[in-house]
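The values are calculated or read from the model by the stated rules, or taken from the named source; none is laboratory data. If you're wondering where the values come from, they're calculated on a predicted model, not measured in any experiment. Protein only, heavy atoms only, side chains kept; ligands, DNA and RNA dropped before computing areas. Shrake-Rupley method; radii C 1.70, N 1.55, O 1.52, S 1.80 Å.
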Amino acid sequence: MSELKIFFNGAMVPATEARVSVFDHGFLYGDGIFEGIRAYEGRVFKLEEHLDRLFDSAKSILLDIPYTREELAEAVCATVRENGLTDAYIRLVVSRGPGDLGLDPTKCSHPSVIIIADRISLYPEELYQRGLELAAVSTRRPATDVLNPSIKSLNYLNNILAKIEANLRGLPEVVLLNHQGYVVEGTGDNIFIVRQGALITPPTYAGILNGITRQVVIALAREMGITCREENITLHDLYTADECFLTGTAAEVIPAVMCDGRVIGTGRVGPITAKVLTAFREYSRSSGVPVYDTDVATA
Ligand code: PMP
């Protein structure tokens with residue numbers, strides 16, 4: 001396989017030569033933002049929505065992205081093309097850039113903009129058939145007035161602490177509670193439960209990243225006539241739900257069948273979860289911004 005080419009501040013650079021300064025505040029302080037995006041069959045899924053979220057994150061932390069939305073959209077497509085990929089996981093990172101050893105972001109001369117497009121590593125298909133076992137961990141998601149989880153910042157230590165707890169327990173994914181004790185997210189996913197035929201997911205004000213997959217799932221569910229409500233979820237609600245699944249760009253829609261030793265519903269992938277997963281897979285593979293002149297999916 002030939003070496004990956006990385007979009008690095010406007011140039012396509014071989015991966016081994018794409019190096020960020022040790023003075024970059026993304027490295028020194030986690031000062032920056034990012035997006036995780038997917039391309040399916042030569043089309044970038046929900047590119048506009050990812051760019052919206054990136055620009056919102058940038059605005060919130062007063063970071064000036066040195067490209068327009070159109071330029072960034074083209075740079076994402078160009079990076080996928082440059083690497084000859086049709087199915088890809090794309091990481092778009094904008095850090096504050098190189099500065100001095102102090103915190104002050106105004107001392108950073110220019111943001112670093114990096115786009116990596118690579119093959120995606122997925123959960124094994126067997127987990128989609130069987131469903132995940134979850135646990136609630138002691139790491140809490142920060143409150144919206146501490147570090148708003150709606151900002152997709154480079155500061156992922158909170159999620160990493162939760163992932164460490166997952167690893168210590170030998171689990172692929174865990175759930176985090178907010179400071180009020182409501183269930184809010186997985187380490188890199190949103191959460192839904194099913195109760196009496198309706199979907200329930202925590203509201204954004206509970207302190208979550210408003211996932212693009214979450215938004216698509218809510219829209220698809222409503223199109224299919226499934227009620228979807230944004231409500232706080234307690235651990236009791238989760239344990240006693242009929243079904244549960246997590247959503248995220250990498251995982252798509254992944255069922256969960258157990259949490260903290262409690263079997264969720266029947267302990268098998270439920271009918272609504274299966275319906276949502278199928279609808280999501282169909283939709284994600286039939287929409288998006290074409291990367292190549294000839295649309296790969298229809299060629
Ligand atoms: N929550 C967190 C903390 C995440 O990191 C992610 C992945 N970006 C998500 C939720 C899911 O968001 P999306 O569907 O946009 O990938």
Completion exercise
Share of accessible surface on carbon and sulfur in the chain, whole %, 1.4 Å probe and ligands ignored, is 54 percent
Practice task
Roll a 1.4 Å probe over the protein chains and send me the accessible area per residue for the stretch 131-173 in Å².
Solution key: 50 Å²
Handout entry: Shape of the stretch 140-240, Cα gyration tensor, a/c cut at 1.5
Key = prolate
Handout entry: Segment E223-E82, length gained on full extension (0.36 nm per residue, minus Cα span)
Key = 47.1 nm
Practice task
Read phi for every residue in the stretch 32-37 and hand back ³J(HN,Hα) as whole Hz from Karplus 6.51 cos²θ - 1.76 cosθ + 1.60, θ = phi - 60°, with x for Gly and Pro.
Solution key: x, 9, 7, 9, x, 10
Completion exercise
Across T273, T106, T204, the residue with the highest GNM fluctuation in the chain (Cα network, 10 Å cutoff) is T106
Exercise for the section: Can you tell me the 0 to 90 degree angle between the C-alpha axis of helix 47-60 and the longest principal axis of the chain, rounded to 10? Expected result: 80 degrees
Handout entry: Average accessible area per residue (Å²) across the stretch 182-239 - probe 1.4 Å, nucleic acids and ligands excluded
Key = 36 Å²
Exercise for the section: Taking H placed 1.01 Å from N in the peptide plane, check which residues at least 5 places from A256 or on another chain put their amide H under 5 Å from its amide H. Expected result: L132, C244, F245, L246
Problem - Anisotropy class of the chain from Cα gyration tensor, a/c 1.5 cut - result: oblate
